[in-house]
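The values are calculated or read from the model by the stated rules, or taken from the named source; none is laboratory data. Keep in mind that this is a model prediction, so the values were computed, not measured. A quick note on method: Cβ atoms are made from the backbone with ideal geometry, for glycine too, and the neighbour counts reach across all protein chains shown. Side chains are part of the model used for accessible areas, which takes the heavy atoms of the whole protein and leaves out ligands, DNA and RNA. Shrake-Rupley method; radii C 1.70, N 1.55, O 1.52, S 1.80 Å.
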Amino acid sequence: MEFDGVKEKTLVLVKPDAIQRGLIGEIVGRFEKKGLKLVGIKMMALDDEILTKHYSHLTDKPFFPSLANFMKSSPVIAMAWEGLEVVNAVRLLCGITKARTAEAGSIRGDLAMSVSCNVVHASDTVENAQNEVKRFFDEEELHNYNKSEYEHVYAEDER
Ligand code: DAT
Ligand code: MG
């Protein structure tokens with residue numbers, strides 16, 4: 001039996017700084033080792049249209065043009081990860097925005113120093129995650145499969 005909680009999805013982007021620095025494998029590995037389920041992954045070049053929607057809460061900030069240019073400076077890796085309370089779990093794995101003050105052990109805390117070049121994006125709420133996964137992935141790009149490891153990642157009443 002599949003439980004709704006384990007079906008929660010979140011969007012992660014591996015940002016251009018991480019692509020340039022050869023950190024794709026390291027970052028993907030953090031989520032894999034946590035026990036999350038990868039249900040979608042692709043490389044894509046972002047344009048102003050998707051960035052304006054994705055960062056709609058920031059379009060009036062003075063740093064928005066440089067943020068958009070940074071996000072267009074190379075392709076990104078877009079991923080959809082699934083799991084129990086995965087939105088919150090992934091935010092914790094990523095660490096806070098300003099990477100040089102992010103907690104050691106988190107992805108940003110271990111791998112970055114900057115506010116804008118902070119190696120990853122992760123959806124911040126369940127509602128935003130649903131919209132962001134839809135924005136970056138077509139339905140047929142999201143995969144449904146059995147992850148046998150779940151037997152060991154979750155207790156029976158959590159699955
Ligand atoms: P987060 O990525 O932690 O969810 P956010 O949604 O507030 O943070 O901002 C999105 C991105 O915008 C962030 O990862 C880096 C950039 N950014 C945020 N605040 C900034 C600032 N004061 N100066 C430059 N870039 C900033
Ligand atoms: Mg955000």
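How about segment 35-94: which trypsin sites (Lys or Arg not before Pro) there are in a DSSP loop, with at most 16 other Cβ atoms within 10 Å of their Cβ? Display every interim value, and only then the final one.
Working: sites: LYS37, LYS42, LYS53, LYS72, ARG91; in loops: LYS72.
Answer in residue order: LYS72.
For the cross-link pairs LYS15/LYS98; LYS72/LYS147; LYS15/LYS53; LYS33/LYS53; LYS53/LYS147, the ones whose C-alpha atoms lie over 26 Å apart are LYS72/LYS147; LYS33/LYS53; LYS53/LYS147. Relative contact order of the chain: 36 percent, from C-alpha pairs under 8 Å at least 6 residues apart in sequence.
At 1.4 Å probe size, put VAL120, VAL115 in order of accessible surface, largest to smallest.
Numbers: VAL120 0, VAL115 70 Å².
From most accessible down to least: VAL115, VAL120.
Go through MET71, MET113 and list them by solvent-accessible area, largest first, probe radius 1.4 Å.
MET113, MET71
Of the heavy-atom accessible surface of segment 8-158 (probe 1.4 angstrom), what whole percent is carbon and sulfur?
Values: 3960 of 8070 Å².
Summing carbon and sulfur atoms, their accessible area is 49 percent of the total for segment 8-158.
From its DSSP helices (H runs of at least four residues, each -39,500 (n - 2.57)), the chain gives a residue-normalised ellipticity at 222 nm of -10000 deg cm²/dmol.
Judged by the ratio a/c of the largest to the smallest principal axis of the C-alpha gyration tensor, the chain counts as prolate, that ratio being 1.5 or greater while a/b is larger than b/c. Helix 126-136 versus the longest principal axis of the chain: what is the Cα-based angle in degrees, 0 to 90, to the nearest 10? Tilt relative to the chain: about 70 degrees.
Dipole magnitude for segment 8-158: computed about the Cα centre from +1 point charges on Lys and Arg Cβ and -1 point charges on Asp and Glu Cβ, it is near 780 debye. In plain terms, the chain from ASP138 to PHE64 could stretch by 24.0 nm, reckoned as 0.36 nm per residue minus the Cα-Cα distance.
In this structure segment 24-129 gives 49 Å² per residue of accessible area when probed at 1.4 Å with all protein chains present.
Counting only aspartates and glutamates at least 8 places from LYS42 when in the same chain, those with an alpha carbon closer than 20 Å to its own are GLU8, ASP17, GLU26, GLU32, GLU82, GLU132, ASP138, GLU139, GLU140, GLU141.
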